[in-house]
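Encoded as C-alpha cells, the structure appears first; notes follow it.
Please treat every number below as a calculation from the coordinates, not as lab data. All figures in this text were calculated on a predicted structure; none of them were measured in a lab. Cβ atoms come from the backbone with ideal geometry, glycine included; neighbour counts cover every protein chain shown.
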Amino acid sequence: MAREQIPVAVRAANIEYAIRDVVVPATKLESQGHEIIKLNIGDPIAYPGLPTPKHMVDAYVDALQSGNNGYSPSYGLPELRASIAQDERRKGWPARQDDIYVCHGVTEALQVIFAATLETGDTVLAPGPHYPPYLAYPQMFGAQTVEYKLKPDDGWKLDFDDIEAKMNKDVKLLVLINPNNPCGAVAGKDEIFRILSIARKWPNCIIIADEIYDGLDFTGEHKSVASLSPDVPVFVLNGVSKVYYAPGWRIGYLGIHDPKGRLQLIRDGIERLLRSRLCASTPAQLGYLAGLDSDRSWMKSYSDKILQQRDLCVKRIASIDGLEVQSSGGAFYMFVKLTDSKWQNNDKEFVLQLLHEEHVLVVHGSGFSPELGVGHFRLVYLPNVEILNEAFDRIERFLLRHRN
C-alpha cells in the first residue's frame, strides 16, 4: 500500500531553473556513455582555456594552509569590502566600505534584497527574457515578477514604452541586467538615464543593477548605473564568478548607493539577514581580494578569446537556415531565434530533441521567459572554436533532418 506523501510547500514546487533543469536528461545520457557538448551554463571553468588566474588560486590556497578557515564578519572581510568599494569608486560612484556587503554569490544577494524589500502584493519589474531567479525568488515573499519587454529585432534594447506602461506604486524593484543574461545586450548611458528618469517618478522604487558581466563589455558603452544616479537609490550586484573566472567560489557582493539617505531601514533589514546566516567563505574572499588588488592585464587575453568565439558563432549562425541572432554586445551568451515553423513555438522540444539526437545541450528560451523567450534558445560561447564548430555542424544537421 502506497504511503500518502507529505505535501511540499507551494513556493518550492513552483520553482524552475531552466539552465540546470536541462542538465537532468543530459546526465542520464552521459550515464549511458554519450559525450555531450554543453553550451548551457555560464561557467568559464567548464571549458578549456579560461582557468581561474593562478595568483587568485594561490591566495585561496595560502588562506587554507595558513588556517584562515574561520568565520569572517557577516558583512565580509573589511579588507575585501574596502577593495570592492575602491573598485566601485573607479566606476564613478562614491562607494564606502560600509556600503558593500559580501554574499554567497549574486543569487544570495538577490534573496537578501527581496527578503528586505518585498511584501505581499509588491512587484519586481524585470526584463524579459531574464536570469531565472528574478522570476523564481520574489514569489517566496508574496510578491510577483512582471516582465518588461526587450526588443528582439533591435539588439535586445530596452522597450521604454513597455516599462512606462507597467510601472505603478506596487513596483518596489526595477531590474537592469547589464550586460544582459541571456541576450548579451549592453545598455549605454542614454538608456540608463531613461531608466533612472522612469524610476524617479515612483519614490518607493529602487533599481537593481546586476552588473556581474560588466568586465565583459565589447561595445565600450557600459556604465555603472550608480555612477549616473544623483538621487534614485540603486542596489549594485557583482562578484568573482564571471569576470574573475571563479564561479565555484560563490563570492558576490551587494553595494548600496543611497544618495538621498532613504534606505536606512532597508539597510538595517539587510544587515539583520546577513548576520543571521553567518558569513561567506573566508578563504574564497581572500582569493577574490587577490584578484582585485593585483594587476589585471591578464583579463585582455581572456576577453580576446571570448570575443573571437563570439564572432565565430555569429558567422556560423548566419550560414544556417533556420537560425537568426542579434550579435552579443557583452557577457558570453547569445539568444538565438528559431525561424523554422516546426520550432518557432516549441523551443523546449527543440532543445530536448537536439540533446537526444545530436548530444548538444543548450537552454530553451521559454525557460528565461514563458512569453518573451519562446522561439529562442540560449547558447554559451565559452568553448574553444573547434568545439563550437562541431556543435554548429550538429545543430545544422538536426535542423535539416527535421525539415525534410
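Residues whose amide H falls under 5 Å from that of residue 323, counting only those 5 or more places apart or on a different chain, are 339, with hydrogens built in the peptide plane.
If Lys and Arg each add +1 and Asp and Glu each add -1, what is the summed charge of the other residues whose beta carbon sits under 12 Å from the beta carbon of residue 239? Once positives and negatives cancel, what remains is -3.
Arranged from fewest to most other beta-carbon atoms within 10 Å of their beta carbon, 192, 37, 45 become 45, 37, 192. Evaluating 6.51 cos²θ - 1.76 cosθ + 1.60 at θ = phi - 60° for every residue in the stretch 86-91, the Karplus couplings come out as 4, 5, 5, 5, 5, 7 Hz, glycine and proline recorded as x.
Rounded to the nearest 10 degrees, the angle from helix 54-65 to the longest Cα principal axis of the chain is 60 degrees.
Which of rounded, prolate or oblate describes the stretch 113-264 when judged by the alpha-carbon gyration tensor and an a/c cut-off of 1.5? Taking the square roots of the gyration eigenvalues as a ≥ b ≥ c, the stretch 113-264 is rounded. Taking Lys and Arg as +1 and Asp and Glu as -1, the other residues whose beta-carbon sits under 11 Å from that of residue 96 total -2. Taking the C-alpha atoms only, the angle from helix 347-358 to the longest principal axis of the chain is near 60 degrees.
Within the same chain, lysines fewer than 8 places from residue 260 are excluded, and of the rest, those with a Cα less than 20 Å from its Cα are 91, 169, 172, 201. Taking every DSSP bridge with both residues inside the stretch 54-293, close to 40 percent are antiparallel. Rounded to the nearest 10 degrees, the inclination of helix 105-117 to the longest alpha-carbon principal axis of the chain is 60 degrees. Does the stretch 1-136 come out rounded, prolate or oblate by the C-alpha gyration tensor, with a ≥ b ≥ c the root eigenvalues, rounded set by a/c under 1.5 and, if not, prolate when a/b is larger than b/c and oblate if not? Oblate shape, in that a/c is at least 1.5 and b/c is the bigger or equal ratio.
Treat the count of other C-beta atoms within 10 Å as a stand-in for reagent exposure and order 217, 268, 62, 258 from fewest to most.
The fewest-first ordering by Cβ neighbours comes to 268, 62, 258, 217.
For the chain, DSSP calls about 55 percent of its internal beta bridges antiparallel. The aspartates and glutamates within cross-link reach of residue 54, meaning a Cα-to-Cα straight distance under 20 Å and a gap of 8 or more places when in the same chain, are 43, 62, 293, 295, 304. Placing +1 on the Cβ of every Lys and Arg and -1 on the Cβ of every Asp and Glu, with nothing else charged, gives the chain a dipole about its Cα centre of roughly 440 debye. Peptides 259-265, 228-234 ranked from most to least packed, by the mean per-residue count of other Cβ atoms within 10 Å: 228-234, 259-265.
Within straight-line reach of residue 157, meaning a Cα separation under 20 Å, sit the following lysines at least 8 residues removed in sequence or on another chain: 149, 166, 189, 223, 337.
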